[in-house]
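Reviewing the structure listed below.
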Amino acid sequence: MNRRLKLDAHLESTLKNTGSRRAFAARLDMTIKRAKVTSSRVAKSLGVPECDVTLWRAGVTVPKSTDCERLSELLGVNVAWLCASEA
């Protein structure tokens, strides 16, 4: 299974599990704060609505694999760590 399909499957599973969503949200929120950027700036960099980033940080939803990869690049963290997957 290729890396993106594996990450997509993991994110789909994460979406169904409240604890996993919260863990992802905590890692994302901490990383954004450490990078000293705003949700608005992250959204603009990814080309997504700011409300999407807000929902990711709150643990309501999780981003698609392509957005996770771009988030990890933008924030300078490993995508597998950010998503807590084995991508």
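The values are calculated or read from the model by the stated rules, or taken from the named source; none is laboratory data. Only a predicted model underlies this, so the values are computations on that prediction, with no experimental measurement involved. Because the Cβ atoms are built from the backbone with ideal geometry, glycine has one as well, and the counts that use them run over all protein chains shown.
In the condition set (1) surrounded by fewer than 18 Cβ atoms within 10 Å (Cβ to Cβ); (2) in a helix (DSSP H, G or I); (3) at pLDDT 95 or above, Glu12 is compliant with all but (3). Considering only residues that are among the polar types (S, T, N, Q) and part of a helix (DSSP H, G or I), look in the range 33-80 and name the one that is surrounded by the most Cβ atoms within 10 Å (Cβ to Cβ). It comes out as Ser65.
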